[in-house]
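Comments concern the structure below.
The values are calculated or read from the model by the stated rules, or taken from the named source; none is laboratory data. Everything numeric here is computed off the predicted structure, so don't read it as measured data. Glycine also receives a Cβ, built like all others from the backbone with ideal geometry; neighbour counts cover every protein chain displayed. Side chains included, ligands, DNA and RNA excluded: accessible areas come from the protein's heavy atoms. Shrake-Rupley method; radii C 1.70, N 1.55, O 1.52, S 1.80 Å.
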Amino acid sequence: MNASPSMPPREKPPVPVALRADSAAREVIDMADGIDRIMGNRALYARMLKRFRSDYALGAVPIGAALADGDTILAHRLAHTLKGAAGLIGARRLHQQASTLELAIRTNPPAQQAALAALVDPFYQVLHLLDQVLAGGAPDGVATEVPQRTLMQDPALLARLVQLLIDADGAAVDLLEESGASLRVILGEARLAQLTKAVNDFDFDGALRALRQTAT
């Protein structure tokens, strides 16, 4: 009687980053902690990282837009959701700053803008590290320095632009003209041209897509 063929070895779940990541990377996202929180399910954790990168491509801009619009209920909900998501993936500093912002929105309105601004660096560091991890970058010596200028470094301007686009408000044309120089630095010449064309064509959905692409 022929022996039954041996079963192929089961593949290990994907590991998004080696757990020997250097201390600088762990300060941004403690991935070992994140995996522990979901009982060692590395495949699930990898999906969580991808989902976080997708959901928060615009960083703190949606929270800033809600605050600029006076919608503190929405801003508080967004900050609370961010706090939970950051905690789940092990982004401790971002979790702490989101918690500070959530508290400021609820109890201390004068501190809201400072708390929002404090989100910028930890938020971008998390997204910058995720870009490397999800592209297969090795964790040893991973770069966690933030480029000098990023999409999220002017949250007030971007928040205003996003809100106008969401509202399909023609005032977005004026904002692009008034703040073209700043937006050129943030977005780059080609992306700003794409955004401007969409706005001038009153294609606000297309303009939002162009703006979001700058964060990916």
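The table below gives the values:
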{"item": "Test set (1) more than 20 Å from Gln163 (Cα to Cα); (2) at pLDDT below 90; (3) more than 12 Å from the chain's Cα centre (by Cα) - Ala104 fails condition number", "result": "(2)"}
{"item": "Top-ranked residue of region 88-100 - restricted to ones that are in contact with a Lys or Arg (Cβ under 8 Å, 6 or more places away or on another chain) and assigned to a helix (DSSP H, G or I), ranked as least open to solvent (accessible area, probe 1.4 Å)", "result": "Ala98"}
{"item": "Region 28-54 - residue that is open to solvent by 70 Å² or more (accessible area, probe 1.4 Å) and either of a type in the set (Ser, Thr, Tyr) or in contact with a helix residue (DSSP H, G or I) (Cβ under 7 Å, 6 or more places away or on another chain) (or both) and, of those, modelled with the lowest pLDDT", "result": "Arg37"}
{"item": "Some residue of region 66-76 being surrounded by 16 or more Cβ atoms within 10 Å (Cβ to Cβ), outside any helix (DSSP H, G or I) and at pLDDT below 90", "result": "no"}
{"item": "Within region 10-27, considering residues that are among the aliphatic types (A, V, I, L, M) and either open to solvent by 20 Å² or more (accessible area, probe 1.4 Å) or in a helix (DSSP H, G or I) (or both), the one modelled with the highest pLDDT", "result": "Ala25"}
{"item": "Residue ID - nearest to Thr100 (Cα to Cα), chosen from residues in region 55-65 that are assigned to a helix (DSSP H, G or I) and open to solvent by 20 Å² or more (accessible area, probe 1.4 Å)", "result": "Pro62"}
{"item": "Residue in region 101-137 that is least open to solvent (accessible area, probe 1.4 Å), counting only those that are closer than 24 Å to Thr72 by Cβ and polar (S, T, N, Q)", "result": "Gln112"}
{"item": "Residue check, Leu151 crowded, with 20+ Cβ neighbours inside 10 Å, at pLDDT 75 or above and under 16 Å from Gly59 (Cβ atoms)", "result": "no"}
